[in-house]
Amino acid sequence: MDEAIHLILQSASAFPPPPGIKFAYGTAGFRSNASLLSSTVFRAGIVAALRSLKSGSVIGLMITASHNPASDNGVKVADPGGGMLTQDWEPFAEALANAVNPEDFVQTIKEFMRNEGISFKEACSGEVLVARDTRPSGESLLGAAMRGIRAVKGVVAVDMGILTTPQLHWMVRNRNRSTPATEFDYYTQLSSSFRTLMSLSLKVLESEPYTGDVVVDGANGVGAEKLSLLLSFLEGLEMQIKNSGKEGEGGLNERVGADFVQKEKVIPCGFGVGDVGKRCASFDGDADRLVYFYISSLEKQSIDLIDGDKILTLFAIFINQQLNCLQEKCHSFKLGIVQTAYANGASTNYLRYLGLEVVFTLTGVKYLHEKAAEYDIGIYFEANGHGTILFSEKFLAWLSALNEELGSFSTGLEQLKAVQRLLAVSKLINQATGDALSGCLLVEAILHYMGFSIQTWNKLYQDLPSRQIKVKVADKTSIVTTDAETRVLRPLGLQEAIDSEVAKHSQGRAFVRPSGTEDAVRVYAEALTQEAADSLAQAIAEHVHQFAGLVSAT
Ligand code: G16
């Protein structure tokens, strides 16, 4: 053991931690300015390698900062099921990232391995798949990750190249299930299940026709290239891709992409007069978020946003319709909807009006995914466009058996079609994590099935006007929240100030929380009019500033 630890320590000396910086395993792993990250990424490699030894499974390590600016980067670990690193391991990942001297570093690893019962093994006992997005800093950080993984005796590091975050999660899940797991397999599975779903659509005579004519904003990130690869498997499907990151198209996430579109509610760069009237979709920098929009006024540069909540609603209606069709056969299966405090109040009301069970978690896919997995079918989405549909093994086994049973009677039966639609959705939608590519194909298939235009979809319910603001404060950790991040515990007095602002507005709702991916405090406000939501958010941002010390507000 001591010799193996000594080898880790030797490799670590090439990646000294930057002095005076404390790293936190936030909402989605470690994130920071890329120039500060090599030691953290090296150490995250060690964490992933130990996770692989402990679980006896393939683990993923993704180098990305997703929606953050191009100068940032980050790293996160994908667990054997393809989901986020188990939360039990986050304190170890943090302690290791922050160990300043060699003694602390060695002690942290030794103690953790002892507590977890992990021992070093012979060659090829563990395996970590490493991928990165298109950030320029990705290549050198990849080197640090590979060194960190390989420093752990018995673990192999495999460079998977440039991928979207959801593609890596999907591959990890599939490798551990011994199902096809290459990038080629990903496109094959998505395209064939999409084609199946389209072939099972109703013949909608009276509603607006499906045109397949979508314009996609690739955020100048990895999603654009991967989408065009996916489309090469789907001959005949028309999608125009903008902001693909090519020379002259602008920077990663810079006034483009899902985060920009959802927060600012304005037309992203690269879109203009030719896109008026069209159905548009935006991915984020690593293609794990998806929102839709259409241009409402070129003059005002405004859009009508179809956010994660409305994508969730579309999915929920569709799934519920199929389940209703199978009602007499499946009363015991449970459908659950998972949202966060950012969900627009109108979406929650609408989902509950449809009779669906809606529950809430903290912000972060890691929380939503875990909750959704408790249902037979769990649909989760954050308003910012992160989300997917999870199917339990038990439900899928039941569907497969029913497919065989009904298939032996007749092929045209509506119940059989419902079963086959659900099976196709389970293959199309990424079961490991939210995925803009697979989500986009599912949206397209459902719009086609329902005969909905984007405007019809948008009118399912009317969003309550909302506003989000980022406040830069001296120390975001001075804000401590409770009640699923909807109330502030500290600094004392801030919650009372928020309450008194909210009370001034009819249907007002607001909360603040420190971001887990950016150095900022987020303010969310909802009210009856846009002006009221804007002024409520602004007033609360000023209180945050007074209580926590302002650097800037945007
Ligand atoms: C990550 C997480 C999301 C979360 C978002 C913002 O997204 O995966 O679940 O909603 O960060 O988190 P926060 O408000 O704490 O900054 P992404 O797209 O950046 O990976």
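Starting from the Cα-Cα distance between residue 246 and residue 6, subtract it from 0.36 nm times their residue separation and give me the gain in nm to one decimal.
81.9 nm
For the residue pair residue 33 and residue 529, what label-to-label distance in nm results when each label sits 7 Å from Cα along the Cα-to-beta-carbon direction?
My value for the distance between the label points is 4.3 nm.
Which whole number in µm²/s is D for the stretch 241-320 by Stokes-Einstein, with the Kirkwood Rh taken over Cα pairs at 37 °C and 0.692 mPa s?
For these conditions, the coefficient is 250 µm²/s.
Determine, at each q value in 0.16, 0.24, 0.25, 0.29 (inverse angstroms), the log₁₀ of I(q)/I(0) that the Debye formula gives when each Cα of the stretch 1-57 is one equal point scatterer.
Those come out to -0.60, -1.07, -1.11, -1.21, one per q.
Which of the pairs 76/394; 278/310; 265/300 have their Cα atoms more than 21 Å apart in this structure?
Checking Cα-Cα distances, 76/394 exceed 21 Å.
How far apart, in nm, are two points set 7 Å out from the Cα along the Cα-to-Cβ line at residue 302 and at residue 477?
Between residue 302 and residue 477, the simple spin-label model gives 4.2 nm.
What number results when the radius of gyration of the chain, computed over Cα atoms, is divided by 2.2 N^0.38 Å?
The chain yields a ratio of 0.97.
Provide Rg over Rh for the stretch 39-105; use the alpha carbon set for both Rg and the Kirkwood Rh (inverse mean inverse pair distance).
0.99
Can you give the helix-only mean residue ellipticity at 222 nm for the chain, where every DSSP H stretch with n ≥ 4 adds -39500 (n - 2.57) and the sum goes over all residues, rounded to the nearest 500 deg cm²/dmol?
Helix-only estimate at 222 nm: -12500 deg cm²/dmol.
Viscosity 0.890 mPa s, temperature 25 °C: what is the translational diffusion coefficient of the stretch 448-496 from Stokes-Einstein with a Kirkwood Rh over Cα pairs, rounded to a whole number of µm²/s?
167
Starting from the Cα gyration tensor of the stretch 105-203, take the square roots of the eigenvalues, sort them a ≥ b ≥ c, and report rounded, prolate or oblate (rounded when a/c is under 1.5, otherwise prolate if a/b is larger than b/c, else oblate).
prolate
What length, rounded to one decimal in nm, is gained on full extension from residue 349 through to residue 86, with 0.36 nm per residue of separation minus their alpha-carbon distance?
Net length gain for the segment: 91.5 nm.
Enter the mean projected area of the convex hull around the alpha-carbon atoms of the stretch 309-458, in nm², rounded to one decimal.
The orientation-averaged projected area of the Cα hull of the stretch 309-458 comes to 8.6 nm².
Among 440, 325, which comes first, second and so on when ranked by fewest other beta-carbon atoms within 10 Å?
325, 440
Compactness ratio of the stretch 2-162: Cα Rg over 2.2 N^0.38 Å, N = residue count?
So the Cα radius of gyration is 0.93 times the expected 2.2 N^0.38 Å.
Mind checking which aspartates and glutamates have their C-alpha under 14 Å from residue 246, skipping anything on the same chain fewer than 8 residues away?
Qualifying aspartates and glutamates at Cα under 14 Å: 217, 225, 254.
Round to a whole angstrom and tell me the spacing of the C-alpha centers of the stretch 101-159 and the stretch 468-534.
What the calculation gives is 38 Å, centre to centre.
In the stretch 1-21, which residues have a backbone nitrogen under 13 Å from the label point lying 7 Å from residue 140's Cα in the Cα-to-Cβ direction?
The answer is 15-16.
Taking GluC sites (Glu not before Pro) as candidate sites, keep only those in a DSSP loop with at most 10 other Cβ atoms within 10 Å, then name the longest stretch of the chain containing none of them.
Here the longest segment lacking exposed loop sites spans 300-554.
What number results when the radius of gyration of the stretch 421-554, computed over Cα atoms, is divided by 2.2 N^0.38 Å?
With N residues counted in the stretch 421-554, Rg over 2.2 N^0.38 Å equals 1.35.
Read-outs: derived from the displayed coordinates by stated rules, not from any lab. All values derive from a computational prediction rather than experimental measurement. Every residue, glycine as well, gets a Cβ built from its backbone with ideal geometry; the counts of neighbours run over all protein chains shown.
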